[in-house]
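Notes for the one structure printed next.
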Amino acid sequence: NKYSVLLPTYNERENLPLIVWLLVKSFSESGINYEIIIIDDGSPDGTRDVAEQLEKIYGSDRILLRPREKKLGLGTAYIHGMKHATGNYIIIMDADLSHHPKFIPEFIRKQKEGNFDIVSGTRYKGNGGVYGWDLKRKIISRGANFLTQILLRPGASDLTGSFRLYRKEVLEKLIEKCVSGVFQMEMIVRARQLNYTIGEVPISFVDLGGNEIVSFLKGLLTLFATT
Amino acid sequence: TKLAQWLWGLAILGSTWVALTTLSCQEVLWPLPAYLLVSAGCYALGTVGYRVATFHDCEDAARELQSQIQEARADLARRGL
Amino acid sequence: TDQVVGLGLVAVSLIIFTYYTAWVILLPFIHYFLPRAYAVAIPLAAGLLLLLFVGLFISYVMLKTKR
C-alpha cells in the first residue's frame, strides 16, 4: 500500500515545513510507503518557495509540488492533487498544524482492521478533543454537530473535520458527486448514500463568524432536503 | 430524502393526535404536541450542555506539538531550510 | 468555566423537563402551576421568539455580507 497525502495550502509559509517534517517523521517511524503532494494556490507569502526547498531536502519522490495559479477551492484542489497521486490510499488534512500526523498510523491500522473505505478523524468521540477553543466556539460546534446528527443521521460523528483517509477510487467517486468549505459534510453524506463503510479514529485538534454559521446552516438544510 | 422522512413521521404523529383529540386523559392529550416540542428542546439543550462539559481540552497535545515544532525547526535549519 | 456552563445547561434542561412533565402529564391525574392554557402558550411564545432571533441573526449576517 502507498499513501498519498494531499496538502492544499494558501499562505502556510510558517506551517508547511513543520507539517512536512512531522509527516515524514510519522511515516518513517512506522515504515509506511508515502508521498506528500503540496497543492499551493498561488500564495503571495512565498509558500511555494518553502515547498521547493522541502522538495530538495526530502527528494522529489516524497514531496511533489503541484501548484495552481490562484485560489480555486478545496474540491478542485483534491481533484488536481489526485491526478498526480500514485498511492492507492489518499489522506487529506489541513496544513495548518491543527491535524497532527501522529494519528495517520492509527488511521491506517483502523482501515485495515475493518477494511473500511473511509477512515475519518473525530474530535467528538473517545479521547478526541480540541485545543484553543473558547466556550462560545465549543457551544456552537457542539450545537452544530448535534443538529447535523439529528437531521442527517450520517453514521459518523465528525462531519466538518477534514482529517480523513480514503481509498483512492472512493475519493474520486465522492468528489465527482459533491457540489458544495459543507464540502466535508457532503462527502460523508454521499458516502453513506453509496454504502461506503466508515471507520473513526479520535483525534486531538489543536487550533468562526456569523458568515460561517449561516453558510453552514444553508448547506445543512440543502443536504437535509436533497439526500 | 431526510426531509421527506421527517415530514412522514410528523404527519403520522400529527394525524394520530388529531384523531384522538377530535377526562384526565383528554386533558393530557391536547397539549401533547407542545410537550413533545419542549422535551425535544430539553434533550437538545441537555445533550449539547453535557458534550460541552465533557469536550476534551487537549492541553497535552498542544504542549507536545509545541516541543515538536522546536525540534522540527532545529532539524530543518540543520538541513539547510 | 466551560465545564460549569455545560453542566449548568444540563441542570437547566433537567429542571425544565421535570417541571413541565409534572405540569402537563401528572397534574390532570391529581395546583404551584399556572392555568393549563399557559402550558401551551409559553412554549409557543418561546419557540416563536427563538425563530424570530434566528431569522434576525441570519438576515443581519446576510445584509452585512452584501454590504
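The values are calculated or read from the model by the stated rules, or taken from the named source; none is laboratory data. The structure presented is a predicted model; accordingly, all values stated were derived computationally and were not measured. Neighbour counts are summed over all protein chains in view; Cβ atoms, including those assigned to glycine, are modelled from backbone coordinates with ideal geometry. The area values use the complete protein model at the heavy-atom level, side chains included, leaving out ligands, DNA and RNA. Shrake-Rupley method; radii C 1.70, N 1.55, O 1.52, S 1.80 Å.
Quick notes
- Positive-pole candidate from B:Thr1, B:Leu45, B:Gln66, dipole of chain B, charges at beta carbon: B:Thr1
- Between A:Arg123 and A:Ile203, the built amide H atoms are under 5 Å apart, and every one of these is 5 or more places off in sequence or on another chain.
- Rounded percent of accessible protein surface that carbon and sulfur make up, chain C, 1.4 Å probe: 80 percent
- Chain C and segment A:6-73 have Cα centres lying 49 Å from one another.
- Across segment A:51-66, rounded Karplus estimates of 3J(HN,Hα) from the backbone phi angles (6.51 cos²θ - 1.76 cosθ + 1.60, θ = phi - 60°) give 4, 5, 4, 5, 4, 5, 5, 9, x, 7, 8, 9, 10, 10, 9, 10 Hz, Gly and Pro being marked x.
- Scattering profile of segment A:120-227 at q = 0.13 Å⁻¹ [log10 I(q)/I(0), Debye over alpha-carbon scatterers]: -0.47
- Dipole size of segment A:1-118 about its Cα centre, with +1 on Lys/Arg Cβ and -1 on Asp/Glu Cβ: approximately 280 debye, rounded to the nearest 20.
- Of the whole protein surface, B:Tyr50 contributes about 130 Å² of accessible area at a 1.4 Å probe radius.
- Dipole magnitude of chain B, debye to nearest 20 (Cβ charges: Lys/Arg +1, Asp/Glu -1, about Cα centre): 280 debye
- Chain C packed on chain B takes about 1700 Å² of accessible surface away from a 1.4 Å probe, both sides summed.
- In order along segment B:30-44, phi translates into HN-Hα couplings of 5, x, 4, x, 4, 5, 4, 4, 5, 4, 4, x, 5, 4, 4 Hz, rounded to whole numbers, per the Karplus curve 6.51 cos²θ - 1.76 cosθ + 1.60 with θ = phi - 60° and x for Gly and Pro.
- When shorter helices are ignored and each DSSP H run of at least 4 residues is given -39500 (n - 2.57), the per-residue value for chain A at 222 nm works out to -14500 deg cm²/dmol.
- Farthest toward positive dipole pole in segment A:1-49 [+1 Lys/Arg, -1 Asp/Glu at C-beta], among A:Leu23, A:Tyr3, A:Ser43: A:Tyr3
- The listed residues A:Arg137, A:Arg68 rank as A:Arg137, A:Arg68 when sorted by accessible area, largest first, using a 1.4 Å probe.
- Listed pairs A:Lys125/A:Lys173; A:Lys2/B:Lys2; A:Lys125/A:Lys168; A:Lys173/B:Lys2; A:Lys71/A:Lys136 exceeding 32 Å between Cα atoms: A:Lys2/B:Lys2
- Amide proton proximity set for A:Ile36, modelled H, under 5 Å, gap of 5+: A:Val5, A:Ile63, A:Leu64
- In the protein assembly as shown, a dipole from Cβ-located charges (positive for Lys and Arg, negative for Asp and Glu) runs towards its positive end, and of C:Ala41, C:Ile58, A:Asn115 it is C:Ala41 whose Cα lies farthest in that direction.
- In this Cβ point-charge picture (+1 for Lys and Arg, -1 for Asp and Glu), the protein assembly as shown has a dipole of about 680 debye about its Cα centre.
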